[in-house]
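A.B. asks: My questions all concern the structure below.
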Amino acid sequence: MAPSAIETTSGVESPLQMRAETLSARELNMKDAHVVASLGLFVIHNVIRRNLASCSSGALTVSSTSSSAGLDKDPFLTYASYTIFTVTDHFDALDTIWFPAFTGYDKRFQSQIDQHDSVVRPELVALQTAVERARAAPATDKQAWQAVSDHFARLLALIEPIFDLEEQLSNGLGHRVPISEIRSLEKQQESRRQDAVKVYGNLWSACFLLRSMTKGEKEVFPPGLPRVVANGMMTAGAVKYGRELKSSEHTRCLLDWNGFNTFRSPLVGQNLASAIIVWQPHHVFQCLSDWFCFWKVKGRASQTWHPIALSQ
C-alpha cells in the first residue's frame, strides 16, 4: 500500500488510506498532519482489540496457586481492570470530544455516539460486574472465570464492527477538519489523559500501551517520542514492577503479562550483540529490556498472556 498522502481531484482533497493492520513508518506519510492526527484512533483500537482477546483467554487459566499451570488471580485482575479502564476512557473521549466535533462534517458520527451508549456501555457494565464477582470468588470457581472470559469475548465481538466503521469514517474525513480545530481537540484530549494516568500512574500507563503495540506501530506512535525513550520507559517499568512483584504477592504487574515465553535467551543475546556492533542505541535499550525481563520471569513463562503474541 502506498503511503497516505494529500492528493486532490478537481480541487477536492482525497480521503486518507490508513489501515489498522498496516501501521508503520513504511506505510504512512508522517509528514501529513491529518495522518498523524488520525493515528491515535487506529493504534488505540488495536491495543484494545488485543487486550480484550488476551483477557478473554487469560481468564480461563487463572489458578489458585503460582504453578506453571495457570495465572495468578491478583495480577490478572489488575490487568483486566486496567483494560476495562482503557476501553471506557477511550469511548468517553470519543463521545465528549472528538465525535461531537466531527458530526459537523459527517452526521454518521452522531450515530456512533448513540451506538456506544446502546451497545458498548451496557456490556462494559456487565463485564465489570463479572470481574468484581470473580474478584470475590476463589480462583477455583471456574464458573466465575468462565463468565469473565465470555464477557471479554462478547465485548470484543461487539466493538469489532464498530471500530471498523469508525476507522472508515475517520479515513473519509480526509483533510476536511482544519488542523487548527484538531489541535484544539488534542488539547482537550491531553487534559483528559493527564487526569486518567493519575489513577494508575504514568509508567504503568505507558508500559501497558507500548507493550501492547507492534514494532511498526511503535515506529510511529506516540508521534515524536524517540524510540530510545520508549524503550527506556519499558525497561524502567520492568524494573519498578519487578520489585513490586518480588515484595508482594498481592500486586502482580507488567512482568506477569509481557509474554516473554516468546523470547529465547540466546536470540536476545544475539540481538544485543548486533545492536552494539552497529551502535543502534534504541535497539540496545530494547534488547537489555528484553534480556532483563526474560531472566526475571524465567520459569514462569506460562504465566504470561501477552496481547501481541495472542493476536498473531
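The values are calculated or read from the model by the stated rules, or taken from the named source; none is laboratory data. The model shown is predicted, which means the values in this text are computed figures rather than measured ones. Every residue, glycine among them, receives a Cβ derived from its backbone with ideal geometry; neighbour counts consider all protein chains shown.
A.B. asks: Starting from the range 85-101, take each residue that is under 18 Å from Val125 (Cα atoms) and at pLDDT below 95 and list its partners that are assigned to a helix (DSSP H, G or I) and small (Gly, Ala, Ser), counting only C-beta distances under 6 angstrom and pairs at least six apart or across chains.
C.D. replies: What qualifies is Asp89/Ala196.
A.B. asks: Further question: Is it true that some residue in the range 207-217 is part of a helix (DSSP H, G or I), at pLDDT below 90 and in contact with a Lys or Arg (Cβ under 8 Å, 6 or more places away or on another chain)?
C.D. replies: yes
A.B. asks: Which of the following residues is closer than 27 Å to Glu181 by Cα and buried (at least 19 other Cβ atoms within 10 Å of the Cβ): Thr96, Thr103, Thr86?
C.D. replies: Thr86
A.B. asks: Read through the list (1) under 20 Å from Phe91 (Cα atoms); (2) aliphatic (A, V, I, L, M); (3) surrounded by 15 or more Cβ atoms within 10 Å (Cβ to Cβ), then give the number of the only condition that Val125 fails.
C.D. replies: All conditions are met except number (3).
A.B. asks: For the subset of the range 118-149 comprising residues that are of a type in the set (Asp, Glu) and free of Cβ contacts under 8 Å to residues at least 12 places away in the same chain, which member is nearest to Gln188 (Cα to Cα)? Before the answer, list the steps.
C.D. replies: Restricting attention to the range 118-149, the residues satisfying the condition of being of a type in the set (Asp, Glu) are 123, 132, 141.
Imposing the further condition that a residue be free of Cβ contacts under 8 Å to residues at least 12 places away in the same chain reduces the set to 132, 141.
Values: Glu132: 31, Asp141: 43 Å.
Among those residues, the one meeting the criterion is Glu132.
A.B. asks: Read through the list (1) surrounded by 14 or more Cβ atoms within 10 Å (Cβ to Cβ); (2) under 21 Å from Leu77 (Cα atoms), then give the number of the only condition that Pro138 fails.
C.D. replies: Condition not satisfied by Pro138: (1).
A.B. asks: Could I ask something else about it? Any residue in the range 161-183 that is more than 16 Å from Gly40 (Cβ to Cβ) sitting within a Cβ distance under 7 Å of a residue that is among the hydrophobic types (A, V, I, L, M, F, W, C) and outside any helix (DSSP H, G or I)? List the pairs, counting only those 6 or more apart or interchain.
C.D. replies: Gly174/Leu16; His175/Ile6
A.B. asks: Another question about this same structure. Going by what's in this entry, would Pro138 be described as touching a Phe, Trp or Tyr at 6+ places or on another chain (Cβ under 9 Å) and over 23 Å from Leu41 (Cβ atoms)?
C.D. replies: So Pro138 fails the test.
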